[in-house]
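The values are calculated or read from the model by the stated rules, or taken from the named source; none is laboratory data. Since we're looking at a predicted model, the values are computed, not measured. No Cβ is skipped: glycine too gets one built from the backbone with ideal geometry, and neighbour counts run over all protein chains shown.
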Amino acid sequence: MNRFVLTQERLEDLQEFKVPVSSGSVVSFWGRVRNHNEGRPVHSLDYSAYPELAVKEGQRILDEALKRWQLDAVRAAHRVGSLGLGEAAVVVEVASGHRGEGFEACRWIIDEIKARVPLWKNEHYSDSITTAS
């Protein structure tokens, strides 16, 4: 249940997040591909990763969150491969007894994923210039 997943499958098709009946709060974050970046029109993007290290570091982040907050369950997944506009690139889901710690943990987890997990994004712009980050 408390897992970080790296997948080429659509995140919208993930199995339902299993939430214990003791949880009074479920907080989720869905990061999606938007149609613009820094004023330029985006038509798609690709994510790549070093899978073994990405999964290991992603799981380490979830384990740290479980130690920092009283969480009942946590899950995060990041997509790799080609993504179209509107598709989910990352999801973080947190179940906890109370909303405050759920919101704090969810925000911390997504910030740590973006900072620590070795993922690379190539945006494809409508003006045909691609940039990597």
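For the reader, a short list of remarks on this structure follows.
- Of all residues in region 60-78, those that are closer than 11 Å to residue 2 by Cβ and part of a strand (DSSP E or B) total 6.
- Any chance residue 84 is surrounded by 12 or more Cβ atoms within 10 Å (Cβ to Cβ) and either under 21 Å from residue 12 (Cβ atoms) or touching a residue at least 60 places away in the same chain (Cβ under 8 Å) (or both): no
- Condition met for residue 97 (exposed (fewer than 12 other Cβ atoms within 10 Å of the Cβ), touching a residue at least 24 places away in the same chain (Cβ under 8 Å) and out of contact with any helix residue (DSSP H, G or I) (no Cβ under 9 Å at 6 or more places or on another chain)): no
- Residue in region 23-30 that is in contact with a His (Cβ under 8 Å, 6 or more places away or on another chain) and either at negative phi or not small (Gly, Ala, Ser) (or both) present: yes
- Region 44-59, residues that are in a helix (DSSP H, G or I) and in contact (Cβ under 8 Å) with a residue 12 or more places away in the chain: 51, 53, 54, 55, 57, 58, 59
- Screening residue 115 with (1) over 25 Å from residue 23 (Cβ atoms); (2) aliphatic (A, V, I, L, M); (3) surrounded by 14 or more Cβ atoms within 10 Å (Cβ to Cβ) gives one miss only, at (3).
- Residue, surrounded by the fewest Cβ atoms within 10 Å (Cβ to Cβ), within region 1-43, restricted to residues that are of a type in the set (Gly, Ala, Ser) and either in contact with a Phe, Trp or Tyr (Cβ under 6 Å, 6 or more places away or on another chain) or part of a strand (DSSP E or B) (or both): 28
- Test: residue 48 is polar (S, T, N, Q), crowded, with 17+ Cβ neighbours inside 10 Å and in contact with a Leu (Cβ under 8 Å, 6 or more places away or on another chain): no
- Selection of region 76-133 for residues being small (Gly, Ala, Ser) and at pLDDT below 95 yields 126, 128, 132, 133.
- Selection status of residue 75, buried (at least 18 other Cβ atoms within 10 Å of the Cβ) and either touching a residue at least 60 places away in the same chain (Cβ under 8 Å) or of a type in the set (Val, Ile, Thr) (or both): yes
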